[in-house]
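Computed from the coordinates by the stated procedures, all read-outs in this text should not be read as laboratory data. Note that the structure is predicted; figures quoted are calculated from it, not measured. Methodologically, a virtual Cβ is constructed for each residue, glycine included, from the backbone with ideal geometry; neighbour enumeration extends over all protein chains shown.
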């Protein structure tokens, strides 16, 4: 599961120590999955045995306590989930639990917090990026930065062990054809019509300016490129170059699998680049009152 190091202008646990939290998260995640998988196996074995009448619901209640929701208020409004019937279902429950942890880490530290927009809890694209990419990928999702003293939201940034990808996801109806006309204007064509849109390169070039300037400021040599993704569409006459890739439905699976299958640990240059980029993004937060402060929780293995 990829790590959400920056979300909008929220304060992030990662910005307090970029060299500590990514590795610690990976170790804690592995230990938690090992523990939860073992407990799930024990629960399934208990459920398969005919229990005495007085203990009929005990295995189920144990499972519900094991996977209790992070937000206690939310738990009061929704019934606890039934135990998964397969290891794949258990893994998805675990990933959903980690998604909540990542949102918490991306909007709070032990002493400060930002006000998380609840819509992010249901953001399918964010959830997809986090749950389907490996632990060693660090994500800045729609971060707010300052470019030439102007505050603006830039594209999502995927920081992998081997380089940075500045990503734009195309929103077009399935099977439409995307025609990159020039750097300012593109067309989207289907069987019945053609519509004009602003080229995503306009926003991507701004995002690239931010990435390039930050890396240059600190003398960080780490490759980066712009990536335009349309999993359900084709690009027509798109001219790729060294700094821009067009990933349509023909190439998407290969691009995705290359990320999934990358066997590389976190790199020092990767963490250095991530630290610099997060440092030069915006943060809006308030101090947490004493009653709202917490201990290390997930990191310490509790």
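Taking label points 7 Å from Cα along the Cα-to-Cβ direction, residue 183 and residue 237 give a separation of 1.9 nm.
For residue 39 and residue 169, FRET efficiency with R0 = 45 Å and r from the beta-carbon atoms, rounded to 0.05? In this case the efficiency is close to 0.75. Model label points for residue 125 and residue 217, set 7 angstrom from Cα along the Cα-to-Cβ axis, are 2.6 nm apart. Put the Cα centre of the stretch 202-280 next to the Cα centre of the stretch 15-36 and the gap is 24 Å. Taking the C-alpha atoms only, the angle from helix 268-279 to the longest principal axis of the chain is near 80 degrees.
Give, in nm to one decimal, the length gained when the segment between residue 19 and residue 153 is fully stretched (0.36 nm per residue of separation minus the Cα-Cα distance). Display every interim value, and only then the final one.
Values: separation 134, 0.36 × 134 = 48.24 nm, distance 2.53 nm.
Full extension of this stretch gives 45.7 nm more.
Extension gain for the segment residue 197 to residue 279, taken as residue separation times 0.36 nm less the Cα-Cα distance, is 26.2 nm to one decimal.
Label-to-label distance, residue 255 versus residue 47, with points set 7 angstrom from Cα along the beta-carbon direction: 3.9 nm. In the chain, the longest principal axis of the Cα atoms and the axis of helix 87-105 are about 70 degrees apart.
Geometric descriptor of the chain, per residue, is 171 Å³ (volume of the convex hull of the Cα atoms).
Of the three principal axes defined by the Cα atoms of the stretch 231-277, the extents in descending order read 38, 22, 15 Å. When every Cα-Cα distance of the stretch 128-223 is counted in 10 angstrom steps from zero, the calculated P(r) takes the values 13, 37, 32, 15, 2, 0 percent. For the stretch 1-19, the residues whose backbone nitrogen is under 14 Å from a point 7 Å from the Cα of residue 268, taken along Cα to Cβ, are 19.
Roughly what % of Cα-Cα distances in the stretch 101-176 sit above 20 Å, to the whole percent? Mind showing how you got there, number by number?
Working: 1262 of 2850 pairs.
Cα-Cα pairs in the stretch 101-176 separated by more than 20 Å: 44 percent.
Could you calculate the contour length gain from residue 287 to residue 116, that is, 0.36 nm times the residue separation minus the distance between their Cα atoms, to one decimal place in nm?
Working: separation 171, 0.36 × 171 = 61.56 nm, distance 1.45 nm.
Using 0.36 nm per residue and subtracting the Cα-Cα distance, I get 60.1 nm.
Computed over the stretch 155-302, the P(r) curve from all C-alpha pair distances, binned at 10 Å from the origin, holds 9, 31, 28, 20, 9, 2, 0 percent per bin.
Provide the percentage of antiparallel DSSP beta bridges, counting only those with both residues in the stretch 157-302; round to the nearest 5.
On the way: 14 of 26 bridges.
Of the beta bridges lying entirely in the stretch 157-302, close to 55 percent run antiparallel.
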